[in-house]
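As structure tokens, the structure follows; a few thoughts come after it.
The values are calculated or read from the model by the stated rules, or taken from the named source; none is laboratory data. Note that the coordinates shown come from a computational prediction; the quantities given were computed from them, not determined experimentally. For neighbour counting, all protein chains shown are included, and Cβ atoms are generated from backbone atoms with ideal geometry for every residue, glycine included. In case anyone asks, the SASA skips ligands and DNA or RNA and just uses the protein heavy atoms, side chains included. Shrake-Rupley method; radii C 1.70, N 1.55, O 1.52, S 1.80 Å.
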Amino acid sequence: MPAELTEEQRRIILWRLLEGLSYDEAATVASVNRAAVAQVWQEFGHGRMPGFQRLRQHAETLREITVELRKAGIAPGGAAVAIQSMES
């Protein structure tokens, strides 16, 4: 049976997925396997990630946006800065 993921690994996985990384990329960053990444995303979707409940309702949308930004070669942080500058 695989070792239990640490809270830090869970956070890394979740943030990387929300940044648009693939499951395989998130697994590499967190030093876990792809199944562990899928498990964390499923737990998040079911509201079992303490401290992330507010993001849950927007998770799929956030992920879709960041994946599309990555495909376009735009870093999510760069997009946020551009949007803020347009609002000024």
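For this structure, a couple of remarks:
- Low-density loop cleavage sites - trypsin sites (Lys or Arg not before Pro) in region 1-37, where at most 12 other Cβ are within 10 Å (DSSP): none
- Linear extension gain, T28 paired with L62, 0.36 nm per residue minus alpha-carbon span: 10.1 nm
- Rough spin-label spacing in nm, given labels placed 7 Å along Cα→Cβ, for L55 and K71: 2.2 nm
- Area of L55 that stays accessible when all protein chains are in place (1.4 Å probe, Å², to 10): 50 Å²
- Cα gyration tensor, region 1-69 - rounded (a/c under 1.5), prolate or oblate: oblate
- Residue ranges 21-33, 40-52 sort as 21-33, 40-52 when ordered by packing (mean number of other C-beta atoms within 10 Å per residue, highest first).
- Each of T6 and E43 was given a label point 7 Å from its Cα along the Cα-to-Cβ line. The distance between the two points is 1.4 nm.
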